[in-house]
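The values are calculated or read from the model by the stated rules, or taken from the named source; none is laboratory data. Quantities reported herein were computed from a predicted structural model and do not represent experimental measurements. Neighbour counts run over all protein chains shown; Cβ positions are idealised from the backbone, glycine included.
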């Protein structure tokens, strides 16, 4: 892909407050010679409050403003989306990503935009699936182009003396919402320890909607009856929450 763009063409780097999107934004800013470069963040209320600290640290370090957009009609909240839809997730994914990220992105984009996404070298399959379902988007997977791994992205953040987001410090692979519905039993048991209020809030929503996030061979397993020794934290971690919401097949411990 050429480093120059037309005078009226925007380059949008989608910043998610994760290490990968931060690295992609930085690389893209130096790749494209245009004043129409934008770093844009889709706000989701349930992401950790430390994300705004990370966003501001990155913005200050590289003198790069980051525009914050979102769906105010849903109060930027996954809970509002679930209650409006009366649905949490199914085999094809969860509506929170569609409403709070994908739809917001589509509303903001314009024809001709070059859009930069932070898929790393381990995520080529996800990048290909994104292309298949978004043929109208002129994409730049700059991390894939430069063979950057997730580890490379974390090292980039540390090398620039930016404190990594809290969720990474706690052992979570991705900087998703505090209580991501794509996580399995082991993940939710860790959320119960690290963020008990978020665990309780989701448990109450499950009962209100009559829909459990997790299941086993016997059927639904609601959070308020989930045994504390079920699942495996690392195996049950959710995938990164980008602009697609992909169902991750889970291995359940019976």
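Among the residues that make up region 99-106, is at least one of them free of Cβ contacts under 8 Å to residues at least 24 places away in the same chain, within 30 Å of residue 7 (Cα to Cα) and not in a loop (DSSP other than H, G, I, E, B)?
yes
Which members of region 195-220 meet the condition of being under 19 Å from residue 85 (Cβ atoms) and part of a helix (DSSP H, G or I)?
Across region 195-220, the qualifying residues are 201, 202, 203, 204, 205, 206, 207, 208, 209.
Among the residues of region 12-24, which ones are closer than 21 Å to residue 49 by Cα and assigned to a helix (DSSP H, G or I)?
Hits for region 12-24 are 19, 20, 21, 22, 23.
State all residues of region 65-75 that are out of contact with any strand residue (DSSP E or B) (no Cβ under 9 Å at 6 or more places or on another chain) and surrounded by 17 or more Cβ atoms within 10 Å (Cβ to Cβ); if no residue qualifies, say none.
Within region 65-75, just 74 meets the criteria.
Within region 42-64, is even one residue over 27 Å from residue 170 (Cα atoms), over 16 Å from the mean Cα position of the chain (by Cα) and either modelled with pLDDT of 95 or more or part of a strand (DSSP E or B) (or both)?
yes
What helices (runs of 4 or more DSSP H), lying completely within region 113-194, carry at least 1 residues that are in contact (Cβ under 8 Å) with a residue 12 or more places away in the chain and farther than 30 Å from residue 216 by Cβ?
Per the criteria, 124-133, 142-145, 150-159, 166-169.
Let me confirm something: among 161, 175, which residue is under 23 Å from residue 27 (Cβ atoms) and at pLDDT 95 or above?
Of 161, 175, the one residue that is under 23 Å from residue 27 (Cβ atoms) and at pLDDT 95 or above is 161.
Please go through region 71-116 and give me each residue that is out of contact with any helix residue (DSSP H, G or I) (no Cβ under 7 Å at 6 or more places or on another chain) and more than 26 Å from residue 209 (Cβ to Cβ), ordered by number.
105, 106, 107, 108, 109, 110, 111, 112, 113, 114, 115
So residue 196 fits all but one of (1) within 14 Å of residue 78 (Cβ to Cβ); (2) over 19 Å from the mean Cα position of the chain (by Cα); what number is the exception?
So the condition that residue 196 fails would be (1).
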